[in-house]
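Visitor: Take a look at this one; I'll ask things after.
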Amino acid sequence: MEKESKRGSFTGQLGFVLAAAGSAVGVGNIWRFPYLAAKDGGGLFLIVYLILVLTFGFTLLTSDIATGRKTGKSAIGAYTEMNPKWKFLGVLTFFVPVIIMTYYAVIGGWITKYMVDYFTGHGKAAAADGYFSAFISNPVESVIYAAFFMVLTAVVIYRGVEKGIESCSRFMMPVLLVLIVFVAVYSLFIHHGDRNGLQGFLVYITPNVKGLTLKKFLSLLLDAMSQLFFSLSVSMGIMITYGSYVKKEVDLNRAVSQIEIFDTGVALLAGMAIIPSIYVFSGLDGMNAGPGLMFISLPKVFASMGFFGNIVGAAFFLMAVFATLTSCISVLEAITANCMEVFHSERHKTTLVLGIIYTIASIVIALGYSIFYCEIPLPNGTVGQLLDLMDYISNSVMMPFISLLSTILIGWIVRPKWIIGEVETGGVRFHRKQLYIVMVRFVCPVIMVVLFLQSTGLLSKL
Ligand code: PHE
């Protein structure tokens, strides 16, 4: 009990589920999921994604959360406790949020800037050509927003698990849900020329198998898979840390299902909000991934909506700020918790030091579009700036590799019963137990090798 109160804990199942969903729901749901759905055959992608959530997503999420709760530690301590020889995996996992944190607040800053624009009635200006690139290459404004977002994140972490993370998620996640439902429903009623939102919605949900080849299907599968574990925040130690704050009386089996439903539900709603809007105003050629979708295509769509565009835009960017802030919080918490355990330091001091380090790091990354501009060729054939490099290392290289190692560790070394026993604590029934065993021992390791080879560009060289 003393250990629990000293580390902090979530008050109960709801608090935990909202915090974990807060981590899971982020820019991935908003700017990547809809793009992939539009690119990879609409409903076909949706079906594949749903199957993967219920199999892979469930396996990795259960493993992370149960590991955290069983050991009561974050990644480094947890993997060391599982097997001291595997401490390196904990250290590797710890470095994923360490890297992500350098750029996540920069993206949060961009979104905050647009939210401010819409709330102050400048939505039309935000739709002008060159607006986004002028903003990110402005060394003063982009830095102020990035630093602001980083400091805001640090303040929440400073307040602790219950008063900071949980209370923030309890407020933001329900509001986020209401806002995304509003924008999604609104998008069904828009029309322009001979196109309307409903037709766009049908494009989104109808499985398009025209010209489908095995190669295309494989690339769809890999797209869905990498999206899935980025989206669920697994294999980066975040869910291990959050799991370590979950009380023993919480039913992990149900909590995992609820997190899956929340994260996937928001991704589906984001697709419903974005795809019909883009379809109506510019056809699906206007669909692109990442910043281009959110900061260039969507403002143009909002501007075409006339007066209501400002309201819909404001609702959309407020929702996006909440999604990004709760994710950013989870990244910093994973780093903070590991540092507190390794250095036996106290939360306030640790947050203060990390807050300063990462404010500086965010400023450097934000300046990667102006003073520190450079063009870095990445192994997958693209060219990126500092932010893209960090994103590539953490998401394309480290995460599939960590998933592979962690499933080998659980499946073959400590054995699935180590996790199963934790899920079944207090007589809880583990509904997908057999599925879990098959996934963690056989299916996950094989698929993770393929994913690793693909996302590092090695597959095409074979
Ligand atoms: N899961 C978040 C999303 O889908 C992204 C995220 C990445 C969150 C890394 C935390 C850490 O956008």
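The values are calculated or read from the model by the stated rules, or taken from the named source; none is laboratory data. Source: prediction; values computed, not measured. Because the Cβ atoms are built from the backbone with ideal geometry, glycine has one as well, and the counts that use them run over all protein chains shown.
Visitor: Looking at the structure I just gave you, is MET101 touching a Gly at 6+ places or on another chain (Cβ under 7 Å), within 16 Å of the ligand (Cβ to nearest atom) and on the phi < 0 side of the Ramachandran plot? First the steps, then the outcome.
Guide: Working: touching a Gly at 6+ places or on another chain (Cβ under 7 Å): no; within 16 Å of the ligand (Cβ to nearest atom): yes; on the phi < 0 side of the Ramachandran plot: yes.
Answer is no for this residue.
Visitor: Please verify whether LEU44 is over 17 Å from the mean Cα position of the chain (by Cα) and either closer than 27 Å to LEU252 by Cα or more than 16 Å from the ligand (Cβ to nearest atom) (or both), treating the condition exactly as stated.
Guide: Working: over 17 Å from the mean Cα position of the chain (by Cα): yes; either closer than 27 Å to LEU252 by Cα or more than 16 Å from the ligand (Cβ to nearest atom) (or both): yes.
The answer is yes for LEU44.
Visitor: I would also like to ask the following. Does GLU166 qualify as being among the charged types (D, E, K, R), under 18 Å from the mean Cα position of the chain (by Cα) and farther than 21 Å from GLY41 by Cα? Walk me through how you get there before you give the answer.
Guide: Values: among the charged types (D, E, K, R): yes; under 18 Å from the mean Cα position of the chain (by Cα): yes; farther than 21 Å from GLY41 by Cα: yes.
Answer is yes for this residue.
Visitor: Among the numbered criteria (1) buried (at least 21 other Cβ atoms within 10 Å of the Cβ); (2) under 17 Å from ALA184 (Cα atoms); (3) in contact with a Phe, Trp or Tyr (Cβ under 9 Å, 6 or more places away or on another chain), which single criterion is violated by PHE308?
Guide: Condition (1) is where PHE308 drops out.
Visitor: Follow-up. Would a scan of the range 73-84 turn up a residue that is within 16 Å of the ligand (Cβ to nearest atom) and out of contact with any Asp or Glu (no Cβ under 7 Å at 6 or more places or on another chain)? Even if it seems obvious, please write down each step before you answer.
Guide: At the first step, the residues of the range 73-84 found to be within 16 Å of the ligand (Cβ to nearest atom) are 74-75.
Imposing the further condition that a residue be out of contact with any Asp or Glu (no Cβ under 7 Å at 6 or more places or on another chain) reduces the set to 75.
Yes, some residue in the range 73-84 is within 16 Å of the ligand (Cβ to nearest atom) and out of contact with any Asp or Glu (no Cβ under 7 Å at 6 or more places or on another chain).
Visitor: If you don't mind, there's one more thing I want to ask. Just give me the residues in the range 230-257 being under 16 Å from the mean Cα position of the chain (by Cα) and either within 11 Å of the ligand (Cβ to nearest atom) or not hydrophobic (A, V, I, L, M, F, W, C) (or both), in sequence order.
Guide: Within the range 230-257, PHE230, SER231, LEU232, SER233, VAL234, SER235, MET236, GLY237, ILE238, MET239, THR241, TYR242 meet the criteria.
Visitor: TYR145 versus (1) crowded, with 23+ Cβ neighbours inside 10 Å; (2) under 20 Å from the mean Cα position of the chain (by Cα); (3) more than 18 Å from VAL312 (Cβ to Cβ): which is the lone unmet condition?
Guide: TYR145 satisfies every listed condition except (2).
Visitor: Restricting to the range 185-200, give me the number of residues that are part of a helix (DSSP H, G or I) and either surrounded by fewer than 20 Cβ atoms within 10 Å (Cβ to Cβ) or touching a strand residue (DSSP E or B) at 6+ places or on another chain (Cβ under 9 Å) (or both). Can you show your working first?
Guide: First, pick out the residues of the range 185-200 that are part of a helix (DSSP H, G or I): 185-188, 197-200.
In the following step, the residues that additionally are either surrounded by fewer than 20 Cβ atoms within 10 Å (Cβ to Cβ) or touching a strand residue (DSSP E or B) at 6+ places or on another chain (Cβ under 9 Å) (or both) were identified as 185-186, 188, 197-199.
Qualifying residue count for the region: 6.
Visitor: Quick check on the range 382-405: of everything there that is more than 14 Å from the ligand (Cβ to nearest atom) and closer than 18 Å to TYR103 by Cα, which residue is surrounded by the fewest Cβ atoms within 10 Å (Cβ to Cβ)?
Guide: Taking the candidates together, the pick is VAL383.
Visitor: Separate question: Of the numbered conditions (1) assigned to a helix (DSSP H, G or I); (2) away from the ligand (no atom under 13 Å from the Cβ); (3) among the polar types (S, T, N, Q), SER9 satisfies every one except a single condition; which is it?
Guide: Among (1) assigned to a helix (DSSP H, G or I); (2) away from the ligand (no atom under 13 Å from the Cβ); (3) among the polar types (S, T, N, Q), the lone unmet condition for SER9 is (1).
Visitor: Of ALA303, ALA255, which residue is closer than 27 Å to LEU18 by Cα and assigned to a helix (DSSP H, G or I)? Working first, answer last.
Guide: Numbers: ALA303 fails: closer than 27 Å to LEU18 by Cα.
Just one listed residue meets the conditions, ALA255.
Visitor: Out of the range 290-342, which residues are within 16 Å of the ligand (Cβ to nearest atom) and either among the small types (Gly, Ala, Ser) or without any contact (Cβ under 8 Å) to a residue 12 or more places away in the chain (or both)? So that I can check it myself, show each step before the final result.
Guide: As a first pass, look at the range 290-342 and keep what is within 16 Å of the ligand (Cβ to nearest atom): 290-291, 293-295, 316-317, 319-338.
Once the filter is applied, which keeps residues that are within 16 Å of the ligand (Cβ to nearest atom) and either among the small types (Gly, Ala, Ser) or without any contact (Cβ under 8 Å) to a residue 12 or more places away in the chain (or both), the range 290-342 yields GLY290, ALA320, ALA323, SER327, SER330, ALA334, ALA337.
Visitor: Can you list residue pairs whose Cβ atoms sit under 7 Å apart, with the first residue in the range 178-195 being on the phi < 0 side of the Ramachandran plot and the second being of a type outside the set (Asp, Glu) and exposed (fewer than 13 other Cβ atoms within 10 Å of the Cβ)? Count only pairs 6 or more apart in sequence or on different chains.
Guide: Partner pairs satisfying both residue conditions: none exist.
Visitor: Here's something else I'd like to know. What residue, of THR80, THR55, is free of Cβ contacts under 8 Å to residues at least 40 places away in the same chain and surrounded by fewer than 24 Cβ atoms within 10 Å (Cβ to Cβ)? I'd like the intermediate steps shown before the answer.
Guide: Working: THR55 fails: free of Cβ contacts under 8 Å to residues at least 40 places away in the same chain.
None of the other options fit; the residue is THR80.
Visitor: From (1) more than 16 Å from the ligand (Cβ to nearest atom); (2) touching a Leu at 6+ places or on another chain (Cβ under 7 Å), pick out the condition that doesn't hold for GLN199.
Guide: It is condition (2) that GLN199 fails.
Visitor: In the range 27-41, what residues are away from the ligand (no atom under 16 Å from the Cβ) and assigned to a helix (DSSP H, G or I)?
Guide: First, the residues of the range 27-41 that are away from the ligand (no atom under 16 Å from the Cβ): 38-41.
Once the filter is applied, which keeps residues that are away from the ligand (no atom under 16 Å from the Cβ) and assigned to a helix (DSSP H, G or I), the range 27-41 yields ALA38, LYS39.
Visitor: Do any residues in the range 383-402 that are more than 17 Å from SER362 (Cα to Cα) and of a type in the set (A, V, I, L, M) have Cβ atoms under 8 Å from those of residues that are more than 14 Å from the ligand (Cβ to nearest atom) and modelled with pLDDT of 85 or more, where the two are at least six apart or on different chains, and which pairs are they?
Guide: VAL383/GLU375; VAL383/ILE376; VAL383/PRO377; MET398/LEU92; ILE402/LEU89; ILE402/LEU92
Visitor: From the list MET225, MET173, pick out the single residue that is under 30 Å from ILE100 (Cβ atoms) and out of contact with any Ser or Thr (no Cβ under 8 Å at 6 or more places or on another chain). Working first, answer last.
Guide: Working: MET173 fails: out of contact with any Ser or Thr (no Cβ under 8 Å at 6 or more places or on another chain).
Result: MET225 is the single residue among MET225, MET173 that is under 30 Å from ILE100 (Cβ atoms) and out of contact with any Ser or Thr (no Cβ under 8 Å at 6 or more places or on another chain).
Visitor: Okay, moving on. Considering each of PHE217, PHE230, PHE201 in turn, give the residue that is of a type in the set (A, V, I, L, M, F, W, C) and without any contact (Cβ under 8 Å) to a residue 24 or more places away in the chain. Step through it out loud before you land on a result.
Guide: Working: PHE230 fails: without any contact (Cβ under 8 Å) to a residue 24 or more places away in the chain; PHE201 fails: without any contact (Cβ under 8 Å) to a residue 24 or more places away in the chain.
Going through PHE217, PHE230, PHE201 in turn, just one is of a type in the set (A, V, I, L, M, F, W, C) and without any contact (Cβ under 8 Å) to a residue 24 or more places away in the chain: PHE217.
Visitor: Also, quick follow-up: Do we have any residue at all in the range 153-160 that's out of contact with any Pro (no Cβ under 6 Å at 6 or more places or on another chain), more than 16 Å from the ligand (Cβ to nearest atom) and within 20 Å of VAL301 (Cβ to Cβ)?
Guide: The answer is no; no qualifying residue exists.
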